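Read through the structure below, which is laid out as structure tokens, and then see the notes.
The values are calculated or read from the model by the stated rules, or taken from the named source; none is laboratory data. Worth saying up front: this structure is predicted, and the values here are computed from it rather than measured. All Cβ positions, glycine included, derive from the backbone under ideal geometry; neighbour counts span all protein chains shown.
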Amino acid sequence: MLKQRILTAAWLAPLALAGLFGLSGAAFAAFTAGVVLLAAWEWANLAGLSAGARRLAPVAGLALLMAGLHAAGMTLSSWLLWLAVPGWLVNLYWVVGYPERAGQWHGTGMRLAMGLWVLLPTWVGFNVLREAGAAWLLFVLLLVWGADIGAYFVGRALGRRKLAPRVSPGKTWEGVAGGVAVTALLAVAFAAWQGLGLAMGLVLLAATVVVTLASVVGDLLESMLKRHRGLKDSSHLLPGHGGVLDRVDSLTAAVPLFALVQAGVL
């Protein structure tokens, strides 16, 4: 398993970095669309469509929608990011109330709709941030990675109080605090690097804390759907690492919300 993880990371990391920071414009939109569509293929399974044309149909529908938005010049329309705000508030409501509230979303149609308000704003957010500058895209990636690293080490060392034991038993409140501490330091360093000044630096710090917490909900949402489906991983597309959604679950919440803040304030 360790050998598989290393081999996968050896080709996946350079490919991801080249696509995210070496491409721009239509090429970047196509690259990120490819990633999101792979995630959509996995989401269709989480929604209960396990094989055949029924599983490919929602992926094809999303692809057509994305192509239409890009052709209409709406890829960079930040208003599309607002889909993520009510969507993630509903997702939080369901995660907190699992499994009692599972009856509200267990139908295949509702889970597919959930995937639309999760994945489409993620794609738009990637494009908005890339257009704003590679530094902003780098920041949100570092934010999510920093939150994961801080949560892992602090949670292992100090974790006592379970965050959501019925969804993801390993996560703790102490781990969340550790992730927030790491990303807060990252925000201070980034504000100084970009010369944002005190006022904008405080805005970035506040946004970072909110987006860090949202990234935790993104992780928990996928864990909830996998638990409901009885799955360990979203797929086996990435040997040793599970599926695409397993790697981008936190980003699905962090990217659109941070892009919304960046487009409107920073």
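Points worth noting:
- Residues considered: Val217, Val261, Val255, Val211. Of these, the only one that is in contact with a Pro (Cβ under 9 Å, 6 or more places away or on another chain) and closer than 23 Å to Ala33 by Cα is Val255.
- Qualifying residue in the range 137-153 (condition: small (Gly, Ala, Ser), touching a Pro at 6+ places or on another chain (Cβ under 9 Å), surrounded by 20 or more Cβ atoms within 10 Å (Cβ to Cβ) and under 22 Å from Gly87 (Cβ atoms)): no
- Put simply, of Leu64, Leu112, Leu92 the only residue that is surrounded by fewer than 13 Cβ atoms within 10 Å (Cβ to Cβ) and at pLDDT 95 or above is Leu64.
- From the options Leu20, Leu64, residue that is in a helix (DSSP H, G or I), closer than 20 Å to Arg130 by Cα and not polar (S, T, N, Q): Leu20
- Here Leu2, Leu56, Leu37 are screened, and the one residue that is surrounded by fewer than 17 Cβ atoms within 10 Å (Cβ to Cβ) and modelled with pLDDT of 95 or more is Leu56.
- Flag for Thr32 being more than 15 Å from Asp233 (Cα to Cα), among the β-branched types (Val, Ile, Thr) and modelled with pLDDT under 95: no
- Here is the figure for the range 7-36: residues that are in contact with a Gly (Cβ under 9 Å, 6 or more places away or on another chain), without any contact (Cβ under 8 Å) to a residue 24 or more places away in the chain and not small (Gly, Ala, Ser) total 1.
- Restricting the first member to the range 143-169 and to residues that are at negative phi, and the second to residues that are of a type in the set (A, V, I, L, M, F, W, C) and surrounded by fewer than 20 Cβ atoms within 10 Å (Cβ to Cβ), the beta-carbon pairs closer than 7 Å and six or more apart or on different chains are Gly150/Ala181; Val154/Ala177; Arg161/Trp173; Leu163/Trp173.
- For the criterion of being under 23 Å from Asp219 (Cβ atoms), within 20 Å of the chain's Cα centre (by Cα) and in a helix (DSSP H, G or I), Ala30 fails.
- From the list Val167, Val154, Val182, the lone residue that is among the β-branched types (Val, Ile, Thr) and within 23 Å of Val265 (Cβ to Cβ) is Val182.
- Every pair of residues 6+ apart whose Cβ atoms lie under 8 Å, when the first sits in the range 41-68 and is more than 14 Å from Arg111 (Cα to Cα) while the second is among the aromatic types (Phe, Trp, Tyr) and modelled with pLDDT of 95 or more: Leu56/Trp41; Met66/Trp123
- Residues located in the range 163-184, provided they are out of contact with any helix residue (DSSP H, G or I) (no Cβ under 8 Å at 6 or more places or on another chain) and in a helix (DSSP H, G or I): Trp173
- Within the range 101-122, being under 12 Å from Val167 (Cβ atoms) and either outside any helix (DSSP H, G or I) or not hydrophobic (A, V, I, L, M, F, W, C) (or both) holds for one residue alone: Arg101.
- Annotation for the range 123-134: at least one member residue is of a type in the set (Asp, Glu), surrounded by fewer than 23 Cβ atoms within 10 Å (Cβ to Cβ) and under 25 Å from Ala40 (Cβ atoms).
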